[in-house]
1. Name the single residue that is farthest from B:Gly71 (Cα to Cα) among those in region C:103-145 being among the hydrophobic types (A, V, I, L, M, F, W, C), surrounded by fewer than 23 Cβ atoms within 10 Å (Cβ to Cβ) and facing chain A (nearest Cβ under 10 Å).
2. Do you know which residues across region C:221-256 are surrounded by 24 or more Cβ atoms within 10 Å (Cβ to Cβ), of a type outside the set (A, V, I, L, M, F, W, C) and not in a helix (DSSP H, G or I)?
3. What are the residue pairs meeting all of these: first residue in region A:73-84, first residue more than 17 Å from A:Val300 (Cα to Cα), second residue basic (Lys, Arg) and modelled with pLDDT of 85 or more, Cβ atoms under 8 Å, and 6 or more apart or on different chains?
4. Taking into account only those residues within region C:76-93 that are surrounded by 24 or more Cβ atoms within 10 Å (Cβ to Cβ) and more than 7 Å from chain A (Cβ to nearest Cβ), which is nearest to C:Phe142 (Cα to Cα)?
5. Does C:Ser28 qualify as being out of contact with any Phe, Trp or Tyr (no Cβ under 8 Å at 6 or more places or on another chain) and polar (S, T, N, Q)?
6. From the residues in region A:202-212 that are away from chain C (no Cβ under 11 Å) and in a helix (DSSP H, G or I), which one is surrounded by the fewest Cβ atoms within 10 Å (Cβ to Cβ)?
7. When you scan region C:250-265, do you find a residue that is more than 7 Å from every other protein chain (Cβ to nearest Cβ) and either farther than 25 Å from C:Leu30 by Cβ or without any contact (Cβ under 8 Å) to a residue 12 or more places away in the chain (or both), even just one?
8. Go over the candidates A:Gly143, A:Gly107, A:Gly89 one by one and state the one that is facing another protein chain (nearest Cβ under 10 Å), crowded, with 21+ Cβ neighbours inside 10 Å and within 25 Å of C:Ile120 (Cβ to Cβ).
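The values are calculated or read from the model by the stated rules, or taken from the named source; none is laboratory data. Just so it is clear, the model here is predicted, and its values are computed rather than measured. Cβ coordinates were reconstructed from backbone atoms using ideal geometry, including for glycine residues, and neighbour counts include every protein chain displayed.
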Amino acid sequence: MATTTNTVPSAGPVAGSRSFLSRLRQGDEIARMITFLFAASVVLVTLLLVFELWQGSVLPRHKFGFNFFRTSVWDPIFEQFGALPFIYGTLVTAAVSLLIAVPLGIGAAIFLAELAPARVSDTLEFFIDLLAAVPSVIYGVLGIFIVVPLMRQYVQPALKHSLGFLPLFQGPAYGVGFLTAGIVLAIMVIPYIISVSREVLLSVPRDQREAALSLGATRWESTWKVVVPFARAGIFGSIFLALARALGETMAVTMVIGNTPVISASLFSPGYSIAAVIANEFTEATGDLHTESLIELGLVLFILTFVLNGFARLLIVATSQRGSGRGQA
Amino acid sequence: MKRITGLLLVVLAVAGVLRADSALSITGAGATFPYPMYSKWFDEYHKKNANLEINYQSIGSGGGIKQVTEGTVDFGATDGPMNDEQLKAFQDKHGFRILHFPTVLGADVPSYNLPGVSAELNFTQEAISGIFLGKITKWNDPAIAAANKGVSLPANDIVVVHRSEGSGTTYIWTDYLSKVSQEWKTKVGKGASVNWPVGLGAKGNESLAGTIKNTPNSFGYVELIYAIQNSMPYGRVRNSSGAFIKADLVSVTAAAAGAAKDMPDDFRVSITDAPGKTAYPISSFTWLLVPANFSDATKREAIKGFVKWMLAEGQNYTEALSYAKLPKEVVAKELKALNDVQ
Amino acid sequence: MSPRLRWRKFVSGFMLTMTGVCALVAVSVLFLILGYLAVHGGASINWNFFTKLPVPVGETGGGLANAILGSAKMLLLATIFGVPIGFFGAIYLAEFSGGTTAFIVRYAADLLNGVPSIVIGIFAYSLVVHPFKQYSTLAGGFALGLMMIPITLRSTEEFLRAVPNPLREAAMALGASKWKTIATVIVPAAYRGILTAVLLAFARVAGETAPLLFTALGNQFWSPGWTHPSASLPVMIFTYALAPYDDWHRQAWAAGLVLLVLILVINIVARAILSRGIAVPRS
């Protein structure tokens, strides 16, 4: 949910100067402690989660060490586990999705923030928010029943015909694969980019635009050369947020990526992602090493999304503060 | 709003409590290969015993073994028997054994999509293993053509398709390949999911079938009932006596005949590449995995009751779903073994 | 008008039109999704869908009543578990905490919010399913509840903070203790916002599939009580869509439609509640 991440200027605790005892008598200390317990439990749960993932992946860490990330054999029978194809698949599908989603999302955000009248903008934003609420399994169903056949019959043959000289678009058209997964992911992350970018663009102070226009810039030039650069950090933030979401996405990807651990230059090739292999193999991994390798993949995914989310938050907060700060001045 | 939420809460709580002890619920998980059979059986059995619900989730053979060993389900199911190591792991963990009970027989068939070829193809052991090892890459390779005289095979590349998730269908296929090809045995081995030398992975029967149907020149393996239900073409396979056999109830039953006579006490037997002139070579039993000890007596009796029913009346449902019945000797032996469940 | 200027005007007009096209494409996806689901799912929705149990593989007919009840039970548990932690945690953050603790709690919540749902599934499996040797409705509800915590917490805190300070001061000046102020003034003032936050969190987890795969598993019958494996709508959609049977595909579409309509309605209601409520400053 991209709606609630910005901090409202703090209302701040209204600290009284009464003594501890009187506060205790009035129940304030008790209320404080009770609410503190709830707040602390959030921290506790998060720590426990990290601990469980760490604890649960001891075996592969000891056995494979860093090779876990460098080798590409995933063989449950001979107990060789290398995560490279999954990491590759995760990154490639995320990259494809961003290539599609970023221009589309930013374009739409510019339209909503700069051009559309407030009523229209709010209505469209409402639809975009609804789009963000569509569960991923539904994207998966639409993916296998609609996108995959379309890709197999029309899109991939057409791409092969026109751009087949590139290694990216070679090989048989299976329908499933990196490209299809990337496209489905793109559709899923666009709403995130739009919502956040729109907010950030709206926070760019009016005078920036007016200054550019009064200097003779066209409307597009004022938008593209002044407003967008002003909001750049926040827009990047929205992209990182979308990236984090794309990396961790499970169901839709599992249903359309083809589930084959290969590293291939061709986007038509079926592949595999970290989240998908966990979903497929976690309940059926018989050996401890296999199970723990999957948990280690979970840990990798956690760290990846953690870093990206942190980065995104920083950027978004940075711009909105810059924007609103100048706006108020 | 609050009132609605409150009402919902009450209704749900009541529903939860009311249903809490109206029925005995037993959970099993595992093999997908016999899933159509099992879901039919458990449904029929529930109709006869309204107080017993046997919930079966087809999460894959590997999952069946793992979950029953972890103790998260009451029984498991698998298409490949547990190996000695897995049996020991179970014994170490629980202090008692786990027993295998064969339920039905099924078969894997080689399916293909060859535009312009309507003849039913013959496959030798060398052809199948060669294709899956990536050594035979063209449809008109002499290893395939020699067994199909009179059929004009295209010079196209073979697109190998296999299951991507752990699957009993895969176990049976790789068990067969390990028996007919030394190279496969040492390089790849047998298992529910293996490290494939070549090919394209498809998740689940559906996408495997879809891939074969939509990819010209493809070759893959599916469970017999599945090929029949989806009218996919499938070929004959040469058995150990040198005859090309098509998978059907008769040829699968014939494959079990040899094993029926000298069935080991723990029922862990592979009948791929079985002897017998009419035996279909890629056949297999599929097993329920039942712990030898139950702390809960009602559960124990319920499971034993079901296995008894399955071995008698239940066997009448098999042929409608293209599974072969268990040989009589095996049924008798299983009834005896059922006494070991305590 | 010089050619250069004309060119610039043309570029401007063209690019601005393109942004409109982008917006149109993005929004039309929603209607495409709704349309497809309505067409494919609508035809398969009938009374049986809501009242009957699934039939054996390959047979036609039956419904997903158990999955609907299963989902409802898990969501109820998730709400009971996740919302109080999020709500009281938010009160602590907004009203009691100092800088460092608040920073740590917020950071942890954001972290938890970003955890991929499949990883939540692993966590719930190793915390609830594995030790108790039982897949259950409870475990599924726990996993979903975990996901509700950070969403509820962060948005509730926003809404509490949005309550104007003079309200707090007025209550305190009248001699009310702090917790009384919170209970009688601040929370009621932010009531609509909090309700919206809870509803949105609910809608968000209602469609989650990945955390349920390893926790609630599945069940072709009614799931008795709370400690047995249970069917749920999202998992049913997943398995039915991948299965090789046309009748299951139809039911997957129908279930998808039901789930999507439910989630969209909750979203719309939540936003309607908010827009009639206190004015929350948009940042």
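1. Filtering region C:103-145 for residues that are among the hydrophobic types (A, V, I, L, M, F, W, C), surrounded by fewer than 23 Cβ atoms within 10 Å (Cβ to Cβ) and facing chain A (nearest Cβ under 10 Å), the one farthest from B:Gly71 (Cα to Cα) comes out as C:Ile104.
2. C:Ser223, C:His228, C:Pro229, C:Ser230, C:Ser232
3. Partner pairs satisfying both residue conditions: A:Ile77/B:Lys190.
4. Among those residues, the one meeting the criterion is C:Ala78.
5. yes
6. If we take residues in region A:202-212 being away from chain C (no Cβ under 11 Å) and in a helix (DSSP H, G or I), then A:Arg206 is surrounded by the fewest Cβ atoms within 10 Å (Cβ to Cβ).
7. Taking every residue of region C:250-265 in turn, at least one turns out to be more than 7 Å from every other protein chain (Cβ to nearest Cβ) and either farther than 25 Å from C:Leu30 by Cβ or without any contact (Cβ under 8 Å) to a residue 12 or more places away in the chain (or both).
8. Matching residue, one of A:Gly143, A:Gly107, A:Gly89: A:Gly143.
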